[in-house]
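Here the structure is laid out as structure tokens; the discussion comes afterwards.
The values are calculated or read from the model by the stated rules, or taken from the named source; none is laboratory data. Small disclaimer: the values here were computed from a predicted structure and weren't measured. As a convention, Cβ positions derive from the backbone with ideal geometry for all residues, glycine included, and neighbour counts pool all protein chains shown. Ligands, DNA and RNA are stripped out before the accessible areas are found, and what is left, the full protein with its side chains, is counted by its heavy atoms. Shrake-Rupley method; radii C 1.70, N 1.55, O 1.52, S 1.80 Å.
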Amino acid sequence: MEMDACVSCSRKRKSAGLDPDEAAAPAAEEHGPEPAAEDQEPPLPAAGGGGEDRISHLPDGVLGDTISLLPTEEGARTSGKRKSAGFDSLEAANSAPAAAAAEGHGPEPAAEDQEPPLPVAGRGAANDRISQLPDGVLGDIISLLPTMEGARTPLLASRWRHLWRYAPLNLDHHGLCQDGKDLGALVSRILSAHPGPVRRFCFPVPYHDLHQVATIDAWIRSPAFRNLQELDMCRFGFRYSYLWPKPLPATAAFCFSETLCVATIVDCQVPDITAQAIHFPKLKKLELDNVTISESSLRTVLTGCLALECLLIAHSYGFRCVQINSISLRSICVKGHFPGIQLRFGELIIENAPCLERLIQLGSYNPHISVISAPKLETLGFISSDARLALGLTVIQELRIVDNLMSEVRTVKILAVNSHALSLDVVIGLLRCFPCLEKLYIKSRG
């Protein structure tokens with residue numbers, strides 16, 4: 001993999017007409033002479049939030065050149081990752097005509113609907129439009145790359161030599177090394193070579209290794225993590241951690257609470273004293289997977305997330321009921337725990353969610369759901385035969401309408417049903433209850 005990446009990087013430099021001798025060693029190396037003071041560039045500005053997206057304002061030709069520098073799979077994901085960055089329309093404009101020609105059928109799009117083709121990337125240094133962008137924009141581009149790909153950007157040209165060191169770092173353990181024993185040492189070397197801020201931190205927390213936990217705590221306390229935007233405390237293998245939940249490191253809750261936008265917390269226990277102090281005013285996405293937390297503490301955490309848009313609660317316990325009162329929440333996904341747990345997730349009450357559009361249930365043993373006010377709810381599922389769903393005054397149990405004082409639920413357009421044995425009468429009853437359905441998904445094992 002590393003050899004392929006080096007060959008790809010060399011081809012990029014040759015196609016741009018750059019002198020290979022200008023390439024500098026990656027900044028992640030621990031040895032080698034430091035650049036002279038006059039050669040060092042000032043630190044890059046921190047990556048902007050959603051309102052300061054500098055990449056989306058670039059011309060289509062520059063965005064096309066940027067996509068061409070990404071690995072094949074990463075380039076294909078640009079439309080799903082950053083629709084707001086303008087990549088979505090670029091990928092569609094390039095792929096749709098080719099797909100139609102390959103299939104040999106389908107009407108040609110109207111002339112006024114066709115987007116102009118992207119300009120061909122320049123083949124000389126004078127036509128290198130990406131290198132002519134401001135340092136802050138280039139830093140934002142580097143921060144979207146995988147960790148190792150971003151660390152290799154100094155090899156592109158002398159213009160890129162110092163950019164990685166000060167660009168917001170996307171520190172993801174995936175793809176760094178095959179041996180988990182050397183992972184901690186490698187991350188420490190990366191942080192030593194990168195004096196700039198860390199934008200995203202994705203790392204498994206090995207609660208069984210107290211030394212490694214202390215090392216992670218020291219990383220998080222460093223100034224580089226002061227403006228962290230994304231935290232992913234992913235799962236460290238399958239170690240039956242739900243049998244021995246470990247306390248969430250308090251540092252993870254306090255150090256960057258004012259700037260965090262995305263948080264994924266797995267396989268741990270959130271003590272009441274930690275939860276009471278959590279306040280994430282900018283958090284937009286929260287995922288709790290196999291987390292033990294009391295009902296009062298969970299209510300406190302959700303109340304402190306003033307800008308929350310997406311909430312996922314899966315396999316978590318220590319509480320029976322979750323009450324939702326949020327004017328910003330757009331998507332909720334729940335997945336119940338296995339039966340036999342004393343305090344397991346049993347009921348979800350959506351009291352007031354004016355912006356809620358999607359309510360998703362995954363797996364079995366899901367909680368009963370009561371929706372009091374969600375005027376924009378359009379996607380609902382999976383409705384299972386072992387759960388109870390109340391939408392206003394309409395009550396659905398075992399996929400049958402048991403109380404329908406309110407005759408219709410007209411906001412729902414997409415419905416998914418999961419049943420062991422589904423009958424035609426059940427389907428007709430659901431269609432009458434949801435008259436504005438556009439899509440109906442049925443999963444039946446009967």
Next on the checklist: For the structure I just gave you, tell me whether residue 401 is β-branched (Val, Ile, Thr) and either at pLDDT below 85 or open to solvent by 40 Å² or more (accessible area, probe 1.4 Å) (or both).
Outcome noted: yes
Next on the checklist: Filter region 134-151 down to the residues that are farther than 15 Å from residue 68 by Cα and of a type in the set (Val, Ile, Thr) and list them by number.
Outcome noted: 137, 147
Next on the checklist: Given the criteria modelled with pLDDT of 65 or more, within 20 Å of residue 58 (Cα to Cα) and buried (at least 20 other Cβ atoms within 10 Å of the Cβ), does residue 143 qualify?
Outcome noted: yes
Checklist outcome for this item: Residue set 346, 363, 318; condition surrounded by fewer than 19 Cβ atoms within 10 Å (Cβ to Cβ), modelled with pLDDT under 95, closer than 18 Å to residue 302 by Cβ and of a type in the set (Gly, Ala, Ser); output residue 346
Checklist outcome for this item: Apart from one, (1) of a type in the set (Asp, Glu); (2) open to solvent by 50 Å² or more (accessible area, probe 1.4 Å); (3) modelled with pLDDT of 85 or more all hold for residue 103; the odd one out is (3)
Item to check | Unmet requirement for residue 415, which otherwise passes all of (1) out of contact with any helix residue (DSSP H, G or I) (no Cβ under 6 Å at 6 or more places or on another chain); (2) surrounded by fewer than 20 Cβ atoms within 10 Å (Cβ to Cβ) | outcome: (2)
Next on the checklist: Is it the case, given these coordinates, that residue 377 is modelled with pLDDT of 90 or more and not aromatic (Phe, Trp, Tyr)?
Outcome noted: yes
Item to check | Qualifying position, being at negative phi and at pLDDT 90 or above, among 178, 229, 212 | outcome: 229
Next on the checklist: I'd like the full set of residues that are modelled with pLDDT under 90, touching a helix residue (DSSP H, G or I) at 6+ places or on another chain (Cβ under 6 Å) and either basic (Lys, Arg) or not in a loop (DSSP other than H, G, I, E, B) (or both), limited to region 257-298.
Outcome noted: 267, 272, 274, 275, 290
Checklist outcome for this item: Within region 366-398, residues farther than 20 Å from residue 327 by Cβ, open to solvent by 50 Å² or more (accessible area, probe 1.4 Å) and touching a residue at least 12 places away in the same chain (Cβ under 8 Å) come out as 368, 382, 386, 388, 393, 398
Next on the checklist: Testing residue 301 on (1) in a loop (DSSP other than H, G, I, E, B); (2) modelled with pLDDT under 95; (3) open to solvent by less than 30 Å² (accessible area, probe 1.4 Å), one condition comes back false. Which one is that?
Outcome noted: (1)
